[in-house]
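Following: one structure in structure tokens, then a few remarks.
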Amino acid sequence: MNTYEQNDERDELHIAIIGMAGRFPGAQNIEEFWHIIQDGVNAITFFSEQELMEAGLDPALLRNPQYVKARGVLDDVAGFDASFFQCTPMEAEIMDPQQRLFLESAWGALEDAGYNPETYPGLIGVFAGTSINTYLLNNLISNDGIIKRVGYGQLIVNNDKDHLATRTAYKLNLRGASLSIQTACSTSLVAIHLACQSLLQGECDMVLAGGASITVPHQAGYLYQDGGTNSPDGYCRAFDEKAQGMVKGNGVGVVVLKRYTEAVRDGDHIYAIIRGTAMNNDGSAKVGYTAPGIDGQARAIRHAQMMAEVEPESISYIEAHGTGTLLGDPIEVAALTQAFRDSTEAQGFCGIGSVKTNVGHLDAAAGVTGLIKTALMLEHKVLPPSLHYERPNPQIDFAASPFYVQAQKQDWPTVPGNPRRAGVSSFGIGGTNAHAILEEAPEQISVPSSNLSWQLFTLSARSEQALRQMQGQLAAYLQAHPELPCADIAYTLQLGRKEFECRQAILCRDVREAIAALQGQQGPKIADSSKENVPGNRRQIAFAFPGQGAQYVQMGRELYTELTTFRREVDTCAEILRPLLGFDLRTILYPDQAEAELATERLKQTAVTQPALFVIEYAFAKQWLEWNIQPQAMIGHSIGEYVAACLAGVFSLQDALKLVALRGQLMQTLPPGDMLAVSLSESEVQPYLGSELSLATTNAPKRCVISGTTAAIARLEQTLVASLVQCRRLHTSHAFHSSMMEPILQTFTEQIKQVTVHAPRLPYISNVTGLYVTEKDVKDPGYWARHLRQTVRFTEGLQTLLSADEWIVLEVGPGQTLQSFVKLQGNIQAAQPLTFSSSRHPKDDTADLAYLLQTLGQLWSHGVTVDWEQFQRSQTGQKRRVSLPTYPFEHKRYWIDPPLAPATKALGNRATPKSYRYRKKMESRRKNL
């Protein structure tokens with residue numbers, strides 16, 4: 001990955017733009033918006049008369065020669081994902097569409113920044129504003145039925161500008177300062193200025209800032225008036241000699257801001273840096289209330305430069321207010337020149353452009369739109385064209401100014417000794433001026449993202465349909481951005497997305513594998529969500545620790561190499577065991593290739609097997625616990641119960657290892673014996689037992705193990721084979737849990753008396769009783785002797801566990817033996833337990849890490865809460881958040897149509913905005929931009 005280098009002593013006064021989202025004419029998202037900007041696309045829609053009539057406009061209005069059939073429009077302004085934001089259908093229908101789309105963009109901006117507001121520990125604020133609510137004026141106020149149905153109070157709460165920021169804070173659970181801003185056209189840049197101030201003053205740790213402007217009726221042009229501010233032909237020709245006005249546009253834009261030093265520390269994706277901002281008002285020093293003022297604009301621009309501590313000559317681009325009006329453009333260039341001339345007489349070094357030539361004037365969203373454009377320019381190091389410019393406005397003396405119109409696309413050259421810098425202006429009717437100085441983020445230093453060879457992508461949505469769409473979006477995005485590190489993608493998805501019921505986890509080593517899995521072509525698409533696993537119906541987790549026979553050389557070798565926690569726990573146990581065993585257990589667990597055969601033979605020895613199993617199972621358990629996979633109960637199989645007891649606090653780690661080592665060593669001194677697994681029930685086994693044979697374990701209703709002398713086991717095997725009873729000799733050195741263990745019981749009991757035993761702090765099930773262990777059990781030294789000698793009541797233990805509640809049984813240790821026992825238990829309860837294992841079968845060539853992460857993904861997909869922060873901290877390397885596709889909202893139409901005027905009623909169904917044919921025309925036009 002890459003990380004940012006800090007080299008400015010003023011870094012702590014800078015603000016980072018770390019997330020952006022929006023909808024603009026011709027663009028459903030930021031990526032599409034950038035294509036419009038860099039490719040010089042005019043996204044203004046020019047309507048035919050028929051289209052406007054189908055949209056419900058008065059034919060008499062359309063025949064007016066002054067009516068201009070053009071506007072910057074959005075797709076689907078009537079659509080909203082009400083259920084996502086937990087709005088009732090009626091609440092959605094009467095809510096200002098500006099506030100609805102701002103909500104979705106605010107959510108998208110936070111996801112683009114890679115933050116989940118539910119888990120972010122700091123305060124997130126909201127500073128934003130909207131244009132006048134024409135939906136209320138045109139569609140709701142005149143609708144008596146709606147007023148009678150919901151009342152004026154609900155109309156006000158869902159439509160008044162005052163509720164934009166606070167509704168966003170409520171719906172997204174944001175607890176920082178929330179302020180609705182209104183300064184006409186400069187609203188959203190003023191909101192950004194105030195957001196920066198809030199961050200610098202420590203009121204917030206992160207801020208959403210922006211604005212929305214949506215006019216109703218949406219598919220409509222406007223009346224041109226001589227001497228007005230609107231263009232007579234639907235083109236905005238900023239700074240051109242033919243400039244006669246602006247074009248109205250619609251859109252919404254939101255940015256996520258954060259203190260720069262903290263953004264660098266947290267590995268955020270930084271689009272650009274805001275070095276300084278300023279705002280003021282013209283006062284009365286201008287020709288009229290609606291007119292712009294040179295002095296006020298110049299003061300705001302110069303003040304922002306001073307706050308940024310930059311000289312004008314270091315600024316090579318200005319994103320101007322640029323409305324293309326006869327009065328506004330000359331005043332703006334004059335004000336810029338006045339501000340720059342305070343410190344430089346240089347000419348023609350700074351490009352100037354206006355996004356209004358692409359998408360129109362977005363009113364309250366204009367400032368944030370210009371800021372988003374400029375941030376993207378800085379990130380891509382491109383100067384895009386300002387459209388419709390041929391020759392300069394004769395009232396503007398560009399030759400004597402520092403400026404030239406950026407009419408052609410070009411790479412953005414650097415200013416010697418300085419990073420690329422730009423200014424962004426936004427001026428509101430009434431005289432509130434705002435200006436911001438932006439700077440490109442420093443070059444990034446390449447550092448490793450993660451030590452893990454496998455990564456886990458986590459996707460979740462409120463519906464299966466949204467989840468499928470999310471997969472397609474991510475696959476397409478990764479195809480377009482194959483350079484993104486897998487570790488950074490996983491990091492962003494795990495920590496930067498809220499988790500919903502419908503889930504899917506994908507395991508991959510690189511972007512190519514991820515794309516294939518997302519497209520369903522190949523690779524481990526680990527698990528989809530289960531409908532039974534929804535909030536409020538979470539299964540409990542039980543850890544199951546296997547017994548002797550599951551061990552093999554190199555068990556967990558890759559985890560020891562790549563997972564710091566697993567390695568630390570193995571190392572800790574091995575050091576404690578070194579004086580007890582007389583050798584380093586790690587030389588047996590993870591031998592060199594030359595020593596592998598010898599290590600395999602030594603691992604068969606009971607004195608080595610039992611401590612080896614304990615160590616690996618304990619390391620697995622600690623790894624799961626670190627990731628917040630918390631058991632509500634545990635069960636062990638023979639030696640596995642010692643791991644459960646240690647985790648439950650019955651024994652300290654040192655005492656548990658001491659007992660396990662002694663237990664294995666004492667067993668090693670006994671005469672050899674054998675064990676035979678048989679497909680019989682306990683009652684069916686009883687006739688075959690005698691003085692030389694014992695029932696060692698009950699593993700399932702028809703799965704038992706008989707233990708005894710070698711000769712007796714051989715005779716029994718012959719008898720069972722002749723009777724066509726399935727049986728299998730186990731690879732063990734001794735007859736565990738048989739009368740052959742009795743010579744060591746007294747010695748072991750005396751050793752138990754020497755250790756401190758505590759009451760269990762976490763429930764686990766006894767092999768001796770098949771019930772939950774009690775304090776009386778564990779504090780009785782005789783219990784541990786019986787545990788060594790008597791039958792392992794594993795079937796009874798599973799029945800105790802599974803008879804109540806719904807469970808996920810996670811086998812914690814090598815192999816998958818216990819998982820198979822659980823599946824053989826039958827219908828103990830209505831809901832069958834889900835079973836997973838931590839480790840591959842020794843004959844499986846799946847990588848250890850891949851297998852473990854696969855299980856983690858399955859657990860998460862089934863509703864288990866994972867501590868992704870801790871999961872990431874357990875890796876080495878420095879990861880960063882990256883920009884990825886945001887949530888695919890599922891829109892439904894929530895719209896109250898206005899009462900039809902008499903002239904409109906005559907058109908019949910063609911007049912309604914629901915016209916399928918009209919909507920299809922508009923969608924086709926958007927796609928062809």
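The values are calculated or read from the model by the stated rules, or taken from the named source; none is laboratory data. Just so you know, these numbers come straight off a predicted model, no measurement behind them. All Cβ positions, even for glycine, are placed from backbone atoms using ideal geometry, and neighbour counts span all protein chains on display.
Candidates in segment 820-847 are the residues that are assigned to a loop (DSSP other than H, G, I, E, B) and of a type in the set (Lys, Arg); of these, the one that is modelled with the lowest pLDDT is 843. Does residue 108 satisfy being over 27 Å from residue 25 (Cα atoms) and either modelled with pLDDT of 95 or more or not β-branched (Val, Ile, Thr) (or both)? For residue 108, the condition - over 27 Å from residue 25 (Cα atoms) and either modelled with pLDDT of 95 or more or not β-branched (Val, Ile, Thr) (or both) - is not met. Those helices (runs of 4 or more DSSP H) of segment 583-661 in which 1 or more residues are among the polar types (S, T, N, Q) and at pLDDT 95 or above occupy 586-589, 606-626. Take residue 105 and decide whether it is surrounded by 20 or more Cβ atoms within 10 Å (Cβ to Cβ) and in contact with a Lys or Arg (Cβ under 7 Å, 6 or more places away or on another chain). So residue 105 fits the description; yes. Within the bounds of segment 133-142, is there any residue that is β-branched (Val, Ile, Thr) and more than 23 Å from the chain's Cα centre (by Cα)? Yes: one or more hits. Scanning segment 332-355 for residues that are in a loop (DSSP other than H, G, I, E, B), touching a helix residue (DSSP H, G or I) at 6+ places or on another chain (Cβ under 8 Å) and either surrounded by fewer than 24 Cβ atoms within 10 Å (Cβ to Cβ) or at positive phi (or both) yields 342, 343, 344, 346, 347, 348, 349.
Looking at segment 449-551, the strands (runs of 3 or more DSSP E) lying wholly inside it that each contain 1 or more residues that are more than 18 Å from the chain's Cα centre (by Cα), at pLDDT 95 or above and buried (at least 19 other Cβ atoms within 10 Å of the Cβ) sit at 540-545. Pairs meeting the criteria (first residue in segment 362-384 and assigned by TED's automatic domain parsing to the domain that holds residue 247 and closer than 20 Å to residue 185 by Cβ, second residue of a type in the set (Phe, Trp, Tyr) and modelled with pLDDT of 95 or more, beta carbons under 8 Å, at least 6 apart or on different chains) are 362/24; 369/24; 372/33; 373/33; 374/317; 375/271. Restricting 110, 123 to residues that are surrounded by fewer than 24 Cβ atoms within 10 Å (Cβ to Cβ), more than 19 Å from residue 157 (Cα to Cα) and in contact with a Leu (Cβ under 9 Å, 6 or more places away or on another chain) narrows the list to 123. Whether a residue is in the same structural domain as residue 211 (by TED's automatic domain parsing), over 17 Å from residue 274 (Cβ atoms), of a type in the set (Lys, Arg) and at pLDDT below 95 was assessed, and residue 23 does not pass this test.
Answer yes or no: is there a residue in segment 797-816 that is of a type in the set (Ser, Thr, Tyr), at pLDDT 90 or above and under 27 Å from residue 563 (Cβ atoms). Within segment 797-816, not a single residue is of a type in the set (Ser, Thr, Tyr), at pLDDT 90 or above and under 27 Å from residue 563 (Cβ atoms).
The rows are residues; the columns are (1) crowded, with 23+ Cβ neighbours inside 10 Å; (2) assigned to a strand (DSSP E or B).
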position: 210; (1), (2): yes, yes
position: 218; (1), (2): no, no
position: 242; (1), (2): no, no
position: 278; (1), (2): no, yes
position: 301; (1), (2): yes, no
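Close Cβ contacts (under 6 Å, 6 or more residues apart or on different chains) running from residues in segment 314-326 that are surrounded by fewer than 23 Cβ atoms within 10 Å (Cβ to Cβ) to residues that are among the polar types (S, T, N, Q) comprise 314/418.
Does at least one position in segment 722-734 carry a residue that is outside the structural domain of residue 825 (by TED's automatic domain parsing), within 30 Å of residue 825 (Cβ to Cβ), hydroxyl-bearing (Ser, Thr, Tyr) and surrounded by fewer than 16 Cβ atoms within 10 Å (Cβ to Cβ)? Within segment 722-734, one or more residues are outside the structural domain of residue 825 (by TED's automatic domain parsing), within 30 Å of residue 825 (Cβ to Cβ), hydroxyl-bearing (Ser, Thr, Tyr) and surrounded by fewer than 16 Cβ atoms within 10 Å (Cβ to Cβ). For segment 752-773, a tally of residues being surrounded by fewer than 17 Cβ atoms within 10 Å (Cβ to Cβ) and either of a type in the set (Lys, Arg) or part of a helix (DSSP H, G or I) (or both) returns 2. Residues in segment 139-197 that are assigned to a helix (DSSP H, G or I), among the small types (Gly, Ala, Ser) and surrounded by fewer than 22 Cβ atoms within 10 Å (Cβ to Cβ): 145, 151, 153, 169, 184. The condition (being within 27 Å of residue 244 (Cβ to Cβ), among the small types (Gly, Ala, Ser) and either assigned to a loop (DSSP other than H, G, I, E, B) or not assigned by TED's automatic domain parsing to the domain that holds residue 243 (or both)) is satisfied by just one residue among 407, 399: 407. Taking the numbered list (1) touching a strand residue (DSSP E or B) at 6+ places or on another chain (Cβ under 8 Å); (2) within 16 Å of residue 637 (Cα to Cα); (3) not basic (Lys, Arg) in turn, residue 656 passes all entries but (1).
Listed by first and then second residue, the pairs with beta-carbon distance under 8 Å, at least 6 apart or on different chains, first residue in segment 576-599 and at positive phi and free of Cβ contacts under 8 Å to residues at least 24 places away in the same chain, second part of a helix (DSSP H, G or I) and exposed (fewer than 13 other Cβ atoms within 10 Å of the Cβ), form an empty list. Of all the residues in segment 288-312, those that are over 41 Å from the mean Cα position of the chain (by Cα) and of a type in the set (Asp, Glu) number 1.
Residues in segment 225-263 that are β-branched (Val, Ile, Thr) and at pLDDT below 95: 229 alone.
One residue stands out among those in segment 264-287 that are within 28 Å of the chain's Cα centre (by Cα) and among the hydrophobic types (A, V, I, L, M, F, W, C): the one that is modelled with the lowest pLDDT, which is 264.
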